[in-house]
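Each remark here refers to the structure printed beneath this line.
The values are calculated or read from the model by the stated rules, or taken from the named source; none is laboratory data. All figures in this text were calculated on a predicted structure; none of them were measured in a lab. Glycine gets a Cβ as well: all are built from the backbone with ideal geometry, and neighbour counts include every protein chain shown. Note: accessible area is taken over every heavy atom of the protein model, side chains too, but ligands, DNA and RNA are not part of it. Shrake-Rupley method; radii C 1.70, N 1.55, O 1.52, S 1.80 Å.
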Amino acid sequence: MSSGLLSRRNVVFGTAGLAVAVGYGASKLAGTGVRRGMPIDRLMPGKAVSGPVGFGLSGPGGVRYALTSRRGAPFLLHVWATWCLPCRHELPGLVAFMKTWGPDCPVVPVAVSSGSPEEIHAFLERNDVAGLPVWTVAGEDLKAWCGNRALAIPVTFLIDGAGCIRATAAGSLDWAAPGAPAALRRVLAATSA
């Protein structure tokens with residue numbers, strides 16, 4: 001065998017081994033909660049950048065939820081998808097955050113382009129993230145509200161009391177940060193001011 005062939009083979013096997021090691025390490029980190037998202041306080045409000053949210057959400061059993069019913073108080077609209085790997089990593093932290101906050105949690109999680117509410121519920125059960133409210137939105141409705149621009153998933157919108165976007169966080173949020181609930185309270189207070 002020529003030395004050139006051995007060198008190429010060593011590079012190929014060495015690169016493959018490194019890729020496997022990095023993939024294994026990344027999967028272990030994802031499972032331990034080491035992966036962090038953006039701090040919640042980065043959602044500090046600016047001026048309104050959209051019209052009022054007018055689309056509705058669908059839930060299991062044909063239940064509908066009108067986001068217009070949230071008018072008068074700011075909230076976060078968190079958009080995720082079952083096919084989105086960063087979303088999958090983020091969901092357990094979001095569920096824990098919402099449980100800690102309690103029944104009046106100002107976060108509305110909504111799945112987009114992920115199937116029916118029943119399929120999403122089954123996905124959450126299979127992936128041990130039961131407890132997350134199951135709401136879906138049609139991708140066309142979401143995109144039309146956002147001015148037909150491409151959206152990165154996950155994305156979180158800070159919605160003011162009039163239903164308008166005041167800040168956007170593309171990517172995961174750090175729901176598990178020690179000061180996350182206090183940070184969200186500050187963001188909501190600044191939005192109401």
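Working only within region 98-112, note down all residues that are in contact with a strand residue (DSSP E or B) (Cβ under 7 Å, 6 or more places away or on another chain) and either part of a helix (DSSP H, G or I) or under 19 Å from Pro74 (Cα atoms) (or both).
So the first thing to find is which residues in region 98-112 are in contact with a strand residue (DSSP E or B) (Cβ under 7 Å, 6 or more places away or on another chain), and the list is 98, 106-112.
Met98, Pro106, Val107, Val108, Pro109, Val110, listed by residue number.
Open to solvent by less than 20 Å² (accessible area, probe 1.4 Å) and modelled with pLDDT of 95 or more: does that describe Leu158?
For Leu158, the condition - open to solvent by less than 20 Å² (accessible area, probe 1.4 Å) and modelled with pLDDT of 95 or more - is met.
From (1) surrounded by 12 or more Cβ atoms within 10 Å (Cβ to Cβ); (2) at pLDDT below 50, pick out the condition that doesn't hold for Pro52.
(2)
Can you give me the ranges of the strands (runs of 3 or more DSSP E) entirely in region 38-82 with at least 3 residues that are within 18 Å of the chain's Cα centre (by Cα)?
75-80
How many residues does region 140-151 contain that are assigned to a loop (DSSP other than H, G, I, E, B), aliphatic (A, V, I, L, M) and open to solvent by less than 60 Å² (accessible area, probe 1.4 Å)? Let's see the steps before the verdict.
The initial filter retains those residues of region 140-151 that are assigned to a loop (DSSP other than H, G, I, E, B), namely 146-151.
Restricting the remaining residues to those that are aliphatic (A, V, I, L, M) gives 150-151.
From what's left, open to solvent by less than 60 Å² (accessible area, probe 1.4 Å): 151.
Selection size over region 140-151: 1.
If a residue must be over 15 Å from Ala48 (Cα atoms), assigned to a loop (DSSP other than H, G, I, E, B) and not small (Gly, Ala, Ser), how many such residues does region 155-178 contain?
Of the residues in that region, 3 qualify.
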